[in-house]
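To start, the structure under review is shown below, and the notes come after it.
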Amino acid sequence: MKTSPHRPTKALINLGAIRYNIQQMGAHIPKETLKWAVVKANAYGHGAVAVATAIQDDVDGFCVSNIDEAIELRQAGISKKILILGVSEIESIPLAQEFDVTLTVAGLEWIENLLAAQSDLAGLTVHLKIDSGMGRIGLEVLVRPNKPKLCSKTMVLLSRESLRTLLLQMKSQIPTLSNS
């Protein structure tokens, strides 16, 4: 980006105010509710390491967009859980294991690639992203009934840490999960 000497712009980041806002939000939700701070894209321009360091005592974990952002936080001494929100390349699994980062599983194709790579999954934690009707990112639970064993076999191998989804479309039917 080209800087403009005729229109100087300055962003003053008040880390104390960010921390205060998180504490205020926390006061209005049940104590057992986990709080995760999304610090992807350099904390939206606020400085990921600076923000994470300032608020690490007020949150349960951090969300980033890729493995490089996660490693940056780890190398800065951030020890809280880190979740990569986007889909990671299979090649990043060793880094996720080394730096104790949770990857998002968002599709059967990713699982198929994982199995084909015959990766060592020891210590890998994953977050299952379920597509519940928005059609964006996530496992299509009911769309591929011909592959339940693939999904079941892989989910036994992986340490599932969490599950997330977006709200259903208004006219969608609610999918059901079963153990069969």
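Things to note:
- Sole residue being among the β-branched types (V, I, T) and either without any contact (Cβ under 8 Å) to a residue 40 or more places away in the chain or in contact with a Lys or Arg (Cβ under 6 Å, 6 or more places away or on another chain) (or both), chosen from V38, V105, V101: V101
- The number of residues in the range 120-136 that are crowded, with 16+ Cβ neighbours inside 10 Å and farther than 23 Å from R74 by Cα comes to 5.
- Scanning the range 57-76 for residues that are of a type in the set (A, V, I, L, M, F, W, C) and under 18 Å from I22 (Cα atoms), we see that the one that is farthest from the chain's Cα centre (by Cα) is V59.
- Some residue of the range 7-20 being without any contact (Cβ under 8 Å) to a residue 24 or more places away in the chain and touching a strand residue (DSSP E or B) at 6+ places or on another chain (Cβ under 8 Å): no
- Test for Q23: is it buried (at least 17 other Cβ atoms within 10 Å of the Cβ), farther than 30 Å from L114 by Cβ and either free of Cβ contacts under 8 Å to residues at least 60 places away in the same chain or among the basic types (K, R) (or both): no
- Residue that is nearest to the chain's Cα centre (by Cα) [pool: residues in the range 42-56 that are at positive phi and surrounded by 16 or more Cβ atoms within 10 Å (Cβ to Cβ)]: A43
- Matching residues, the range 4-27, being at pLDDT below 95 and closer than 18 Å to G45 by Cβ: S4, R7, P8, T9, K10, A11, L12, I13
- Scoring L103 on the criteria (1) within 30 Å of A122 (Cα to Cα); (2) among the hydrophobic types (A, V, I, L, M, F, W, C); (3) surrounded by fewer than 16 Cβ atoms within 10 Å (Cβ to Cβ) leaves a single failure, condition (3).
- Helices (runs of 4 or more DSSP H) enclosed by the range 1-80 - at least 3 residues per element that are over 24 Å from L103 (Cα atoms): 15-26
The values are calculated or read from the model by the stated rules, or taken from the named source; none is laboratory data. Computed from a predicted structure; not experimentally measured. Heads up, the Cβs are rebuilt from the backbone with ideal geometry, glycines too, and the neighbour counts pull from every protein chain shown.
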